[in-house]
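Okay, structure first, notes after.
Where a number appears in this text, it was derived from the coordinates with a stated rule and is not lab data. The structure presented is a predicted model; accordingly, all values stated were derived computationally and were not measured. Here the Cβ positions follow ideal geometry from the backbone for every residue, glycine too, while neighbour counts run over all protein chains shown.
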């Protein structure tokens, strides 16, 4: 492919993270710093991913970010400044009208570079668009830029967004453990953590173990079958050692028959309106422990703050997230297309990485689970090796700008 | 009362906060800096408040904190480093044995100064002990030092611990609002905030309004009667304006008949074990909106991180919390007794305060609600004046020490 000259467009897709805007900032920096050697004229942003693109809901980012201080603020703004979507493109041959419309928009705005920041589903979009554009004479560079707090994309050492979510979880868990330690009365605290299919985030709850020696008693990942009787035995054993037992559990843990713990335990419960009551995994285990053991028990759901807690973002993660965005612009300028940018770990101690790229069609719709050797034999905790793998990714703090006590965010109108 | 010469003891009681250890640090600094003119020899700490004191479970803090760097770390450690308790002392004349035991411990350890850091219930302990010791020839100085995230103590402008919890809530709410803004689909997000009897914390969710203009659509406080039909009308009105509606609600909101919203809505729900299902206020409203309006709805419970989120503590709060502890030692040296330390606001803009003290018997068991003029006419939000009153208390960030990505805490063995 010869060097393409034209405009570029960038979009964000899937669940928000504390670092996805840093990657957007990286793309903007790459374009504005002219790393592409002048081949990219204007950088557009699509609002709400391909959903907005289909409606020509686009903004001129080159103009909006002419003031570079705004780009720094963007790096510290959580969620997706361009808005996001959950739209999946149709399978090849199923509904070509969608692809034709996209191509029409690309041509109308002279868009030759397409950067899409997202996770698994978003890489599916990138792969499908890559496939579609192969058969057309309108040459385009199409690149996926990874982000997901779940760290479950294959072919990259880890994903931008994971480090900040991981840090939020580790920091919050340390504080919860301190909070739980104040009374002498026996109590079990169950902390539910995101990650339905992969346990990387839940594993992060134990990071304190290799830093301060303070960690939850158990860590239950979706990679291991959940056994309620074994769980009760675990809790009883911990209560014999100390009065305040703290447990980290993934929202995605399942029984041997494949049903989710959050679904199975409460299947009989309905609310006053007759709704099936879906309480979540932590709440289900809270009820189970109350019934079986009878001690004081509570559950805490870390909830969406895990993915948008940018005030405690990881410096390493933000730096890498910017880097991966800027590198996508570099790669595009070098003619790379139909790939997803990756992070390649060169060394853990001291931590070193490089940015690479891999065939996006091999990445979409795959899930990278926690390695077997990172999980203990009993299946109720992670190993120190697992924590040492994660630890460099949460290092460093961001110097966010504050206005009267609140972090400053940017909103792209 | 002449100047007492002897030892001092300090304890922590009630719910943990991000700032109660800063107040403990203030007491330690006061004693070690000799602000009392040598009248206090050794500073002891009671483990788990009066509960530990009755068992002589005490530590020598003068020794433990000989290294002043440890005191700084203590200021940034959440929860209660000495442990806490919920013990209430018996009423006068009901069970004198408890008081006799306490007096026996005071005499045994030559304790002449008693500092008790806590909220409403803890001030009850201070008031009762003050009353009891009046009738004895063992002269003692007894002082209450306030802390509670709830900001519901009377006769003090605000309470140490409130500013940090308030900042956590305001910062987290801004991030949640960013997170909620990414999709175009109609959705209601209900955020449940602590404070069963007073709405100060829930009011803090709206602080962004006077800083960045970004705030939840509604704020429901326990000071106002909750009307479900009015609530539905409020939600519908907001959905007409924008697709992402965010609501802050106190865990303590109640219907006109006095029942809690978290209790009333789901009185018929039971889990598979037949337990009455207590989901909390946010969950109850989530179910109600789902049933009545039918759009996407979720609830978020900020939970215990509100009170232990020391990584985002308010600099103002931590400074004041240290100050109030140190000032208690000063006051004690000047012969003040049977009082609670207070914060007196001298000016809001620029923010200025002084430390004072008031008769503890007039403070215990009272609740300071959110002033009527701080609530809007409809009873579904707070006024700008309310937010301007709170704002100075969340200003400034702490320079916590981090080790490999995690804040450093101290544990008193």
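Sort B:358, A:56 so that the residue with the fewest other Cβ atoms within 10 Å of its own Cβ comes first and the one with the most comes last. Can you show the working numbers first?
Numbers: B:358 17, A:56 13.
Listed from fewest to most nearby Cβ atoms, that is A:56, B:358.
For residue B:97, the distances from its label point to the matching points in the remaining copies are 8.5 nm, ordered from shortest, with each point set 7 Å beyond Cα toward Cβ.
Share of antiparallel DSSP beta bridges in the stretch B:1-159, in percent to the nearest 5?
15 percent
Taking neighbour counts of Cβ atoms within 10 Å as a proxy for exposure, in what order, fewest first, do A:289, B:211, B:249 appear? Write down the numbers at each step before the final one.
Numbers: A:289 23, B:211 19, B:249 29.
Least to most surrounded, the residues fall as B:211, A:289, B:249.
The residues B:318, A:111, when put in order of fewest to most other Cβ atoms within 10 Å, stand as A:111, B:318. Largest GNM mean-square fluctuation among A:101, A:241, A:230, using chain A with Cα springs under 10 Å: A:241. Length gained on full extension, residue B:35 to residue B:369, computed as 0.36 nm times the residue gap minus the Cα-Cα distance: 116.7 nm.
Per residue, the average separation of C-alpha pairs within less than 8 Å and at least 6 apart gives the stretch A:1-81 a relative contact order of 43 percent. For residue B:366, the point set 7 Å out from Cα toward Cβ sits 6.7 nm from its twins in the other copies, listed from shortest up.
Taking a ≥ b ≥ c as the square roots of the eigenvalues of the Cα gyration tensor of the stretch A:151-268, is the shape rounded (a/c under 1.5), prolate (a/b larger than b/c) or oblate? Intermediate results must be reported in sequence, preceding the final value.
On the way: a/c = 2.16, a/b = 1.11, b/c = 1.94.
Taking the square roots of the gyration eigenvalues as a ≥ b ≥ c, the stretch A:151-268 is oblate.
Each residue, residue B:3 and residue A:3, gets one label point 7 Å from its Cα in the Cβ direction; the gap between the two is 8.3 nm. Between residue A:230 and residue A:291, the distance separating the two model label sites (each 7 Å from Cα on the Cα→Cβ line) works out to 2.1 nm.
Summarise the partner chain shielding of B:79-89 as one whole number: the mean count of Cβ atoms from other chains within 10 Å of each residue's Cβ. Don't skip to the end; give the middle numbers.
On the way: counts 8, 5, 3, 1, 4, 5, 4, 2, 0, 0, 0.
The shielding value for this peptide is 3.
Need one number: % antiparallel among DSSP beta bridges in chain B, to the nearest 5.
Details: 18 of 53 bridges.
That works out to approximately 35 percent antiparallel.
Label sites at residue A:376 and residue B:347, each approximated as a point 7 angstrom past Cα along Cα to Cβ, lie 5.8 nm apart.
For peptide B:49-55, compute the average count of partner chain beta-carbon atoms within 10 Å of each residue's beta-carbon.
Numbers: counts 2, 0, 2, 1, 0, 0, 0.
Partner Cβ neighbours, averaged per residue: 1.
Send over the Kirkwood Rh of the stretch B:1-107, from the inverse of the averaged 1/r over different Cα pairs, rounded to one decimal Å.
Numbers: mean 1/r = 0.0677 Å⁻¹.
So the Kirkwood estimate lands at 14.8 Å.
Quick one: Cα convex hull volume of the protein assembly as shown, Å³ per residue? Please list the in-between numbers first.
On the way: hull volume 135.8 nm³, N = 826.
Dividing the Cα hull volume of the protein assembly as shown by its residues yields 164 Å³.
Inter-chain neighbour count for B:298-304: the average number of beta-carbon atoms from partner chains within 10 Å of each residue's beta-carbon is 5. Residues within the reach of a label modelled at residue B:187 (point 7 angstrom out along Cα to beta-carbon, backbone nitrogen below 13 Å), restricted to the stretch A:142-159: there are none.
When DSSP assigns beta bridges and you keep just the ones with both residues in the stretch A:134-265, what percent turn out antiparallel, to the nearest 5?
Just about 10 percent of them are antiparallel.
Sequence-distant contacts, meaning Cα pairs under 8 Å at least 6 residues apart, place the relative contact order of the stretch A:113-173 at 31 percent.
Which shape class applies to chain A: rounded if a/c is under 1.5, otherwise prolate when a/b exceeds b/c and oblate if not, where a ≥ b ≥ c are the square roots of the Cα gyration tensor eigenvalues? Each step should come with its number before you reach the end.
Working: a/c = 2.15, a/b = 1.80, b/c = 1.19.
It is prolate, given that a/c is not under 1.5 and a/b is the larger ratio.
Based on DSSP H segments of at least four residues, each scored -39500 (n - 2.57), chain B has a per-residue ellipticity at 222 nm of -10000 deg cm²/dmol.
Here is how far apart the residue A:403 label points are across copies: 3.8 nm, shortest first, using a point 7 Å from Cα toward Cβ.
Remark: relative contact order (chain A) = 23 percent; criterion is Cα-Cα distance under 8 angstrom and separation of 6 or more residues.
For the stretch B:351-413, the alpha-carbon radius of gyration amounts to 1.76 times the rule-of-thumb value 2.2 N^0.38 Å expected for a compact globular protein. Shape class for the stretch B:204-256, computed from the alpha carbon gyration tensor (a ≥ b ≥ c): oblate, with a/c not under 1.5 and a/b at or below b/c. Mind telling me which of B:187, B:205, B:79 comes out most flexible in a GNM of chain B, alpha-carbon contacts under 10 Å? Highest fluctuation among the options: B:187. Just B:16, B:243, B:392 to compare: in a GNM of chain B, with alpha carbon springs under 10 Å, which one fluctuates most? Between B:16, B:243, B:392, it is B:243 that shows the largest mean-square fluctuation.
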